[in-house]
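In what follows, a structure is listed as structure tokens, so that the remarks can point back to it.
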Ligand code: NAD
Ligand code: ZN
């Protein structure tokens, strides 16, 4: 997380609130930054996950082929970390938005499942689209069967989990570097972005494609882009409004019925 968080600009908050109030359709695009205040490390910020591990050793099909045990150990650690965390104020406020308003789609790059947990708690009418999969999903590397939430802990590192149908190795059900996204999920996310009057982009470094390009579809359709991020990103220059703040500070203010509350 960024150390210096400037105060929220009241003018920018008012402008962003007006855009959201007037929107018929809203797409919310989130990255690792929205979960930082829940205690889930980001990849690229200070203390980010990639400072201690090399992405190409762990989050690629080649890395898994080379050393599946190391990759499973890393994912088991990340699962443990996420299980100790809970959705924060920003996840909850967005979940309530999808419960209270029609035409809101949450699209996340995160694999931590925190949006889905908040959505279930709020009784939201739609579930988030998880572009990069989920840390708790598993898939067979041979027959591609979805094996669901299979427990992997230090006791199973010696054997590693196997597919019940064909005996193939199971892998984490996430999208790795160099892999394609699920075309169905990407299609629905692209459509939601293209139809949206507002794209609210929260805590994404806007470097990982195709997720980073989704706000461009909203712009191309004449919609506005609101960015919430304590740091500038490649998207900042195209944003209609930028809120230079953490998600936990900005999102509840942006979505509260009474902004002064
Ligand atoms: P990233 O790690 O590349 O960037 C995080 C962004 O969040 C940065 O721009 C940073 O300035 C911003 N940020 C940091 N603290 C914030 C806060 N409190 N509020 C708002 N913004 C904050 O993340 P990315 O753009 O999502 O791309 C990395 C990829 O890695 C993703 O596609 C995702 O699949 C994966 N990832 C997921 C998780 C998770 O599931 N929580 C964690 C790390 C990485
Ligand atoms: Zn199989």
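We did not get these values from a lab; they are worked out from the coordinates using the rules stated. What you see is a predicted model; the values in this text were computed from it and never measured. Backbone-built Cβ (ideal geometry, glycine too); neighbour counts: all protein chains shown.
Rg/Rh for the chain: what does it come to with C-alpha atoms and Rh from Kirkwood?
Rg divided by Rh gives 0.98.
Taking Cα atoms, how many degrees apart are the long axis of helix 89-100 and the longest axis of the chain, rounded to 10 and kept between 0 and 90?
70
Springs between alpha-carbon pairs under 10 angstrom, Gaussian network model over the chain: which of 156, 38, 204 fluctuates most?
156
Taking Cα atoms, how many degrees apart are the long axis of helix 68-83 and the longest axis of the chain, rounded to 10 and kept between 0 and 90?
It works out to around 40 degrees.
With axes computed from alpha carbons, what is the tilt in degrees of helix 183-195 against the longest principal axis of the chain, rounded to the nearest 10 within 0 to 90?
Helix 183-195 sits roughly 0 degrees off the main axis of the chain.
How do 53, 136 rank when sorted from fewest to most other Cβ atoms within 10 Å of their own Cβ?
Result, fewest neighbours first: 53, 136.
How high is the relative contact order of the range 123-258, given as a whole-number percent (alpha carbon pairs under 8 Å, six or more residues apart)? It would help to have the intermediate numbers written out before the result.
Numbers: 188 pairs, mean separation 22.8, N = 136.
Once divided by the residue count of the range 123-258, the mean separation gives 17 percent.
Give the relative contact order (percent, whole number) for the range 116-194; include only Cα pairs under 8 Å separated by 6+ residues. Spell out each step's value before the answer.
Details: 89 pairs, mean separation 24.5, N = 79.
Result for the range 116-194 is 31 percent.
Connecting C-alpha atoms closer than 10 Å in a GNM of the chain, tell me which of 247, 118, 144 has the biggest fluctuation.
144
Would you kindly state how much longer the chain becomes between residue 80 and residue 14 on full extension, computed as 0.36 nm times their sequence separation minus their alpha carbon distance, in nm to one decimal? Walk me through the numbers on the way to the answer.
Working: separation 66, 0.36 × 66 = 23.76 nm, distance 3.92 nm.
Taking 0.36 nm per residue and subtracting the Cα distance, the gain is 19.8 nm.
Can you give the FRET efficiency to the nearest 0.05 for residue 65 and residue 207, using r as the Cβ-Cβ distance and R₀ = 22 Å?
Calculated value: 0.30.
So what is log10(I(q)/I(0)) for the range 203-252 at q = 0.22, 0.28 1/Å, when the Debye sum runs over its Cα atoms only?
Normalising to I(0) and taking log10 leaves -0.79, -1.13.
Which of 209, 115, 132 comes first, and how do the rest follow, when ranked by fewest Cβ neighbours within 10 Å?
The most exposed by this proxy come first: 209, 132, 115.
Pick from 214, 200, 160: which is most flexible by mean-square fluctuation in a GNM of the chain where alpha carbon atoms under 10 Å apart are linked?
So, out of 214, 200, 160, the one fluctuating most is 160.
How do 19, 195 line up, fewest other C-beta atoms within 10 Å first?
Placing the least packed residue first, the sequence is 195, 19.
Obtain the nm distance between the two label points defined at residue 127 and residue 169 by a simple spin-label model: each point lies 7 Å from its Cα along the Cα-to-C-beta direction.
2.8
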